[in-house]
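Enquirer: Dropping the structure in here first, questions after.
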Amino acid sequence: DAGVIQSPRHEVTEMGQEVTLRCKPISGHDYLFWYRQTMMRGLELLIYFNNNVPIDDSGMPEDRFSAKMPNASFSTLKIQPSEPRDSAVYFCASSLVGARTDTQYFGPGTRLTVL
Amino acid sequence: LAKTTQPISMDSYEGQEVNITCSHNNIATNDYITWYQQFPSQGPRFIIQGYKTKVTNEVASLFIPADRKSSTLSLPRVSLSDTAVYYCLVGDGTGGFKTIFGAGTRLFVKA
């Protein structure tokens, strides 16, 4: 298996622009997680899905952030409009059963820079 | 919400055993304790997971006391390549499937 795939690996954009991050989870995994990592706040869970349905989005910082999972093999995290404080590394992870007892497999991350 | 507390950083030398302790006073009855390792520019990687007592795999050992309010990750004979950030992870104390990463411990292994 190729593991969790994220694209793009790096994204540089200007403030106010729309940014879309993409994730392909491991085939057969029914949980998908989006995380954000910064030096100041560490690794934060933004939202997670179970069987393509958003279960908990309480970590999404603002209405500017939205996430979708149209099918079992694809998810997007969108920021519109982007701001410099959104600069971070965004990780996608997937899990077979559930977060508490099962291993989460992380993708390589997308490094986002908003100028 | 269950939170974890770990030392911010630790230094060690090659060949030594390293023990990293994590406090999780509000761990829920059904929650497991999971440790991840993260190298620069990579996503976290699973190391070990346990519920109580001791768990050992080819990479590390995990010691959990009876009250489960803390856990200790033990890395035997570390090498330079073990330099990384180590996260202690427990389930959400409210019983949901959400997990919360601790601040992590930055381990630096010196030659």
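Enquirer: Could we say that residue B:23 is within 25 Å of residue A:108 (Cβ to Cβ) and away from chain A (no Cβ under 14 Å) here?
Expert: Numbers: within 25 Å of residue A:108 (Cβ to Cβ): no; away from chain A (no Cβ under 14 Å): yes.
No; evaluated as a whole, the condition is false for this residue.
Enquirer: When you scan region A:41-64, how many residues do you find that are within 11 Å of chain B (Cβ to nearest Cβ) and in a loop (DSSP other than H, G, I, E, B)?
Expert: Qualifying residue count, region A:41-64: 4.
Enquirer: Could I ask something else about it? Tell me, please, whether a residue that is open to solvent by less than 50 Å² (accessible area, probe 1.4 Å) and in contact with a Cys (Cβ under 9 Å, 6 or more places away or on another chain) can be found in region B:8-20.
Expert: So far as region B:8-20 goes, yes, one or more of its residues are open to solvent by less than 50 Å² (accessible area, probe 1.4 Å) and in contact with a Cys (Cβ under 9 Å, 6 or more places away or on another chain).
Enquirer: Moving on. Collect the residues in region B:70-93 that are over 20 Å from residue B:109 (Cα atoms), open to solvent by less than 20 Å² (accessible area, probe 1.4 Å) and at pLDDT 90 or above, keeping them in residue-number order.
Expert: Residues of region B:70-93 that are over 20 Å from residue B:109 (Cα atoms), as a first pass: B:70-71, B:89-93.
Filter once more, keeping what is open to solvent by less than 20 Å² (accessible area, probe 1.4 Å): B:71, B:89-92.
Of everything in region B:70-93, just one residue is over 20 Å from residue B:109 (Cα atoms), open to solvent by less than 20 Å² (accessible area, probe 1.4 Å) and at pLDDT 90 or above, namely B:71.
Enquirer: May I ask you to list pairs of residues, at least six apart or on different chains, whose Cβ atoms are under 7 Å apart, with the first in region B:64-78 being touching a residue at least 60 places away in the same chain (Cβ under 8 Å) and the second being assigned to a loop (DSSP other than H, G, I, E, B)?
Expert: Sorted first by the residue in region B:64-78, then by its partner, the pairs are B:77/B:15; B:77/B:17; B:78/B:14; B:78/B:16.
Enquirer: When you look at residue A:67, is it more than 14 Å from chain B (Cβ to nearest Cβ) and either buried (at least 17 other Cβ atoms within 10 Å of the Cβ) or under 17 Å from residue B:87 (Cα atoms) (or both), yes or no?
Expert: Judged against the criteria, residue A:67 is a match.
Enquirer: What pairs can you find where one residue is in region B:42-57 and in contact (Cβ under 8 Å) with a residue 12 or more places away in the chain and more than 7 Å from chain A (Cβ to nearest Cβ), the other is surrounded by 15 or more Cβ atoms within 10 Å (Cβ to Cβ) and small (Gly, Ala, Ser), and their Cβ atoms are less than 6 Å apart, with a gap of 6+ or different chains?
Expert: B:47/B:60; B:48/B:60
Enquirer: In region B:38-69, what count of residues is obtained for those that are among the polar types (S, T, N, Q) and either closer than 30 Å to residue A:88 by Cβ or open to solvent by 90 Å² or more (accessible area, probe 1.4 Å) (or both)?
Expert: Taking region B:38-69 and keeping what is among the polar types (S, T, N, Q), we get B:38, B:41-42, B:49, B:53, B:56-57, B:61.
In the following step, the residues that additionally are either closer than 30 Å to residue A:88 by Cβ or open to solvent by 90 Å² or more (accessible area, probe 1.4 Å) (or both) were identified as B:38, B:41-42, B:49.
Count: 4.
The values are calculated or read from the model by the stated rules, or taken from the named source; none is laboratory data. This one's a predicted model, so the numbers in the text were calculated from it and none came from an experiment. No Cβ is skipped: glycine too gets one built from the backbone with ideal geometry, and neighbour counts run over all protein chains shown. For the accessible areas, the whole protein counts, side chains as well, though only heavy atoms, and no ligand, DNA or RNA atoms are used. Shrake-Rupley method; radii C 1.70, N 1.55, O 1.52, S 1.80 Å.
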